[in-house]
Amino acid sequence: MSLLDCIEISPDDTIRNSVIWLHGLGADGNDFAPVARELALPHTRFILPHAPAIPVTVNHGYVMPAWYDIYSFEPGAPQDGDGIRASQQAVEALIANELARGIPSHHIMLAGFSQGGAIALHTALRYPAPLAGVLALSTYLALADSLAMEKHAANQHIPIFMAHGTVDNVIPLARYQASAQALQLQGYSLELHEYPMPHSVCMEEIDDIRSFMLRQFGLSLT
């Protein structure tokens, strides 16, 4: 399959790690470019793909960048399984491209915000080779009922960073907490963070993300 259009942000030094970072609904790859530059990790390439534009049911069928359709924001509503799996395949193609560029899977990290975070988490847990980690920011566990059958042993012990705003009015804190509990029941170890913010990111969170990435990639800023 053809690769998604992406923005790439790389330092001038030798690239040893890759982070594939997925934006939220209605945004594009530019959305987290400032965060990638703020993190300023050595030896690390940030790949910021643009989601395809599709009609989104919850937004009255308006066409916008989206990783999958959303039928309703209500908990327990039907989910767009076909769209989620199509985006999973698109992310796996980006991983394959990094492998072809000489980056081993355990030096590739997936990250995403909101809808992008749901895809990052969904893909990482099913990927058949060990990844460096996954960041699931202001998001939830999509297709939770299929995880037990579809998860791959290669990433049973993947480092998972989950973070959420305590006053998120898009994805309620309770949905994040239920997702974290579902993952823990499947035997995953989580690094959980809550911040006094809405559906967004904050500097404290960025600092925690930097610490997580430095640790998982074995990097130092000194």
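The values are calculated or read from the model by the stated rules, or taken from the named source; none is laboratory data. Everything numeric in this text was worked out from a predicted model, so none of it was measured. Here Cβ is always computed from backbone atoms with ideal geometry, including for glycine, and neighbour counts include all displayed protein chains. Ligands, DNA and RNA are excluded from the accessible area calculation, which covers all protein heavy atoms including side chains. Shrake-Rupley method; radii C 1.70, N 1.55, O 1.52, S 1.80 Å.
Residues whose amide H lies under 5 Å from that of VAL167, counting only those 5 or more places away or on a different chain, are MET197; hydrogens are built 1.01 Å from N in the peptide plane. What whole-number volume per residue, in cubic angstrom, does the convex hull of the C-alpha atoms of segment 96-222 give? Per residue, the Cα convex hull of segment 96-222 comes to 103 Å³. Backbone amide hydrogens, once placed in the peptide plane, bring LEU141 within less than 5 Å of SER179, excluding anything fewer than 5 places away on its chain. For the chain, with equal point scatterers placed on the C-alpha atoms only and solvent neglected, what are the log10 I(q)/I(0) values from the Debye formula at q = 0.16 1/Å, to two decimals? Reported log10 I(q)/I(0), two decimals: -1.10.
Translational diffusion of segment 141-182, estimated by Stokes-Einstein from the Kirkwood radius over alpha carbon pairs at 4 °C in a medium of 1.567 mPa s, is 109 µm² per second.
In the context of the full set of protein chains, the chain has a per residue accessible area of 43 Å² (1.4 Å probe). Each Lys and Arg adds +1 at its Cβ and each Asp and Glu adds -1 at its Cβ; summed about the Cα centre, the chain shows a dipole of about 480 debye.
Each residue, SER220 and HIS106, gets one label point 7 Å from its Cα in the Cβ direction; the gap between the two is 2.1 nm. Protection proxy ranking, highest mean first, for peptides 141-151, 107-117, 16-26: 107-117, 16-26, 141-151, where packing is the per-residue count of other beta-carbon atoms within 10 Å, averaged.
Roughly what would the spin-label model give for ALA154 and ASN97, points 7 Å off Cα along C-beta, in nm? For the pair ALA154/ASN97, the computed spacing is 1.9 nm. If you roll a 1.4 Å probe over segment 27-73 with all protein chains in place, what percent of the accessible area is carbon or sulfur? Carbon and sulfur: 57 percent of the exposed surface of segment 27-73. Short-range pairs are left out: with C-alpha atoms under 8 Å and at least six residues apart, the relative contact order of the chain is 17 percent. Just so you know, the Rg over Rh for segment 15-118 is 1.02, from Cα atoms, with Rh as the Kirkwood radius. Over segment 153-195, with every protein chain in place, what whole percent of the accessible area is carbon and sulfur at 1.4 Å, could you tell me? Whole-percent figure for carbon plus sulfur exposure: 54.
Where both residues lie in segment 1-142, what percent of DSSP beta bridges are antiparallel, nearest 5? Counting DSSP beta bridges with both partners in segment 1-142, the antiparallel share is about 35 percent.
Proximity of backbone amide H atoms, modeled 1.01 Å from N, is registered between ARG45 and ARG16, ASN17, SER18, VAL19 at under 5 Å, excluding neighbours fewer than 5 places apart on the same chain.
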